[in-house]
1. In the calculated pair distance distribution of segment 1-96, what percentage of Cα-Cα distances lie above 20 Å?
2. For residue 216 and residue 70, what does the FRET efficiency come to when R0 = 41 Å and r is the distance between their Cβ atoms, rounded to the nearest 0.05?
3. So if I take the alpha carbon set of the chain, get Rg, then get Rh from the Kirkwood formula, what is the Rg over Rh ratio?
4. Mind ordering 72-85, 31-44 by average Cβ neighbours within 10 Å, highest first?
5. Give or take rounding to whole Å, what are the principal axis extents of the alpha carbon atoms in segment 167-260, in descending order?
6. Report the extension gain between residue 257 and residue 111 in nm, rounded to one decimal, defined as 0.36 nm multiplied by the number of residues separating them, less their alpha carbon distance.
7. Can you put 161, 98 in order of Cβ neighbours within 10 angstrom, beginning with the fewest?
8. Within segment 13-37, which residues have the backbone N less than 20 Å from the label spot 7 Å out from residue 51 along Cα→beta-carbon, could you tell me?
Ligand SMILES: NC(=O)c1ccc[n+]([C@@H]2O[C@H](COP(=O)([O-])OP(=O)(O)OC[C@H]3O[C@@H](n4cnc5c(N)ncnc54)[C@H](OP(=O)(O)O)[C@@H]3O)[C@@H](O)[C@H]2O)c1
């Protein structure tokens with residue numbers, strides 16, 4: 001067992017591992033020697049990834065196909081990992097809904113709050129006791145730069161990610177003294193399936209990062225800082241906005257985010 005697997009292994013749980021940033025976490029953690037528990041709805045994607053990582057690195061992989069909007073999903077996941085020594089929890093699954101607040105489908109907005117907020121809270125709550133007993137490990141949350149300021153035309157997503165940031169920062173304060181590294185990751189625009197799923201043409205996005213670069217940057221900052229914005233561009237933009245009077249910052253955001 002190397003230092004990394006001793007500290008964060010032997011098993012990492014990654015939600016949203018069927019694509020994008022979660023898939024990139026799974027690939028990188030397997031390369032670093034961790035076994036994996038992979039969660040998402042698309043079982044075929046998870047099984048293909050498991051086969052690829054087992055063939056390449058000998059990774060032991062548990063595939064847990066779950067729809068995280070199902071109220072029973074978090075308890076089933078916690079049951080499934082009860083006898084595994086999970087040392088790293090990557091709460092990454094999430095999605096956004098863009099458009100005027102009142103035009104959003106109420107069911108979709110409720111699902112967004114469940115997947116983005118309720119599920120990571122429940123999984124962290126269920127898994128932190130074992131991390132505390134070990135006295136080492138990691139808890140990661142994928143939030144977003146949209147959680148750092150109220151983002152017009154992305155209101156519920158932005159609010160959900162503000163929740164994740166507050167949760168992650170609070171747990172950093174509680175768990176760092178117990179030897180657990182907590183990182184809240186705030187990506188800017190990232191080249192995954194997410195933009196297209198929200199009706200955004202990725203070709204119109206500037207300063208896109210690859211999910212692999214986001215994950216490299218996150219893992220390099222785990223145990224270093226509580227909150228990490230991997231993109232230099234978005235870090236500087238957010239610092240600029242947060243230094244402005246709130247009214248001016250939100251006016252600028254509304255202009256930038258307004259539908260064409
Ligand atoms: N891409 C960006 O620009 C960006 C920027 C900032 C933050 N983020 C955040 O990064 C995280 C990962 O997103 P991504 O960009 O990698 O997008 P993605 O490629 O669309 O991946 C989203 C992942 O979440 C899973 N997921 C979504 N709804 C689910 C549900 N109901 N049940 C189970 N799994 C579900 C998806 O799996 P299935 O569809 O197979 O279920 C997929 O694996 C999200 O939290 C997102 O908010 C993304």
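Any read-out appearing in this document is the output of simple, stated calculations on the displayed coordinates, not a laboratory observation. No experiment lies behind these values; they were computed from the predicted model shown. Reconstructed Cβ throughout: ideal geometry from the backbone, glycine too, with neighbour counts over all protein chains shown.
1. Roughly 29 percent, once rounded to a whole number.
2. Numbers: r = 32 Å, r/R0 = 0.79.
About 0.80, to the nearest 0.05.
3. Working: Rg = 17.8 Å, Rh = 18.6 Å.
That ratio equals 0.96.
4. Numbers: 72-85: 14.6, 31-44: 19.7.
Highest to lowest by the protection proxy: 31-44, 72-85.
5. Computed over the Cα atoms, the extents are 49, 33, 21 Å.
6. Numbers: separation 146, 0.36 × 146 = 52.56 nm, distance 2.27 nm.
Going from the current span to full extension adds 50.3 nm.
7. Working: 161 26, 98 18.
So the residues, fewest neighbours to most, are 98, 161.
8. Within reach of a label on residue 51: 17-20, 23-24, 26-28, 30-31, 36-37.
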